[in-house]
Amino acid sequence: MAIVGEYQDKVAKKWKDNDFTSDLPTLGLCLSEEVGEIAKAINQSNPKYKLKGNEIPYILREELHDALVYICAIANSANIKLGI
Ligand SMILES: [Mg+2]
C-alpha cells in the first residue's frame with residue numbers, strides 16, 4: 001500500500017509543477033473519461049472488434065495508468081491519503 005502513497009505524492013508534484021487543476025468536478029469528469037477508455041481498450045482487445053479508419057487504438061495498460069493518475073489527483077484535491 002505504501003507504493004500507492006508514493007505514487008500519489010508523485011502525482012501531487014506533477015500537478016503542482018504543471019499547475020494542473022485541482023477542481024474536483026473537473027477531475028471527476030477526467031476520471032470518467034479514462035474509465036471509458038479502459039472499457040474501450042477491453043472492447044478493442046476482443047478479436048471480433050475491428051478498428052474503424054480514424055479510431056484511436058486504446059492500450060489497456062496505459063488507460064489503467066491514466067485512471068490511477070486521476071484517482072490520485074482526486075485524493076490529493078480532497079486531502080485524502082491513499083494507502084497506509
Ligand atoms: Mg487515457
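Every number in this text was worked out from the coordinates using simple rules, so none of it is lab data. These figures come from a predicted structure and were not determined experimentally. Neighbour counts are summed over all protein chains in view; Cβ atoms, including those assigned to glycine, are modelled from backbone coordinates with ideal geometry.
Here are the numbers for the structure shown:
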| read-out | value |
| --- | --- |
| The stretch 2-77: relative contact order as a whole-number percent, Cα under 8 Å and 6+ apart | 48 percent |
| The chain: DSSP helices with Cα axial extent of at least 20 Å and average Kyte-Doolittle hydropathy no lower than -1.0 | 24-44, 60-77 |
| Anchor Lys81: lysines whose Cα lies under 27 Å away (excluding residues fewer than 8 positions away in-chain) | Lys10, Lys13, Lys14, Lys16 |
| Filtered GluC sites (Glu not before Pro), the stretch 35-64: DSSP coil and at most 16 other beta carbons within 10 Å | Glu55 |
| Trypsin sites (Lys or Arg not before Pro) within the chain: DSSP coil, no more than 10 neighbouring Cβ in 10 Å | Lys48, Lys50, Lys52 |
